[in-house]
Amino acid sequence: MRRVASVLFPLLAIAPMLGIASGSAMAQNVGDSSTYFVDYYANNVAGAPDATVRVINDGEEGAPKPAGDLWAEFFVFDDSEELTTCCGCRVSPDGLLSESVQNQFTNHSLRGVVPPRGVIKLISSSNCLGQKCPGGPKFKPTTPKPGLRAWATHIESGANQYPNGPAPYSQTETLFADANLGTAEKGLLEQLCYFDYLLSGSPCNCTNEDLDF
């Protein structure tokens with residue numbers, strides 16, 4: 001009994017300290033400051049359902065428009081690691097932006113071929129990148145700013161393995177994965193997007209907020 005007590009009393013004395021430390025750790029957790037996200041699309045073929053990318057602005061920059069507006073800078077690649085299109089889409093505080101993979105991201109590929117699969121990269125930015133942005137055709141680098149969160153539906157083949165959808169395809173949905181935006185990666189994405197504008201003149205078109213699919 002004495003041995004149990006000798007162990008128990010020190011633990012009881014430490015418990016409040018652990019609570020304070022835990023509370024401090026929770027108080028310091030003020031949110032995710034990520035600005036760069038990646039995801040994929042697949043089975044982007046005729047007869048398959050359309051995939052959708054949805055983006056929200058968490059309101060971190062404040063609710064008034066346009067002060068709290070952020071830009072979802074999209075960079076869409078095909079499965080040959082070639083940029084197919086790019087664009088910047090405005091997302092106001094607490095707004096919902098929905099983009100169609102078939103109609104916005106892959107229907108005017110630089111090569112003129114609809115890619116069946118590829119990668120979608122997203123930068124949360126405080127300014128708009130590209131020629132179709134407000135303020136004229138001047139091409140501006142992105143200014144990463146946290147506040148956007150994105151999800152994507154994925155078109156899966158094999159109705160028996162993925163039963164949630166019309167055969168022979170089904171759909172899943174995942175959160176865009178956080179990624180590391182280094183200086184070299186940021187510069188490369190911006191240069192590729194700039195060349196895409198020069199060569200094609202057809203960046204992806206943004207849908208109006210709250211217009212879902």
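Descriptive notes on the structure:
- Figure legend. Inter-residue proximity from region 64-92: first residues within 20 Å of Asn43 (Cα to Cα) and buried (at least 18 other Cβ atoms within 10 Å of the Cβ), second residues among the acidic types (Asp, Glu) and modelled with pLDDT of 90 or more, beta-carbon distance below 7 Å, spacing 6+ or different chains. Indicated pairs: Thr84/Asp78.
- Thr106 in contact with a His (Cβ under 7 Å, 6 or more places away or on another chain), touching a residue at least 60 places away in the same chain (Cβ under 8 Å) and crowded, with 20+ Cβ neighbours inside 10 Å: no
- Within region 35-50, the set of residues being modelled with pLDDT under 95, closer than 15 Å to Asp79 by Cβ and buried (at least 16 other Cβ atoms within 10 Å of the Cβ) comprises Ala42, Asn43, Asn44.
The values are calculated or read from the model by the stated rules, or taken from the named source; none is laboratory data. Note that the structure is predicted; figures quoted are calculated from it, not measured. We place every Cβ from the backbone using ideal geometry, glycine too, and count neighbours over all the protein chains shown.
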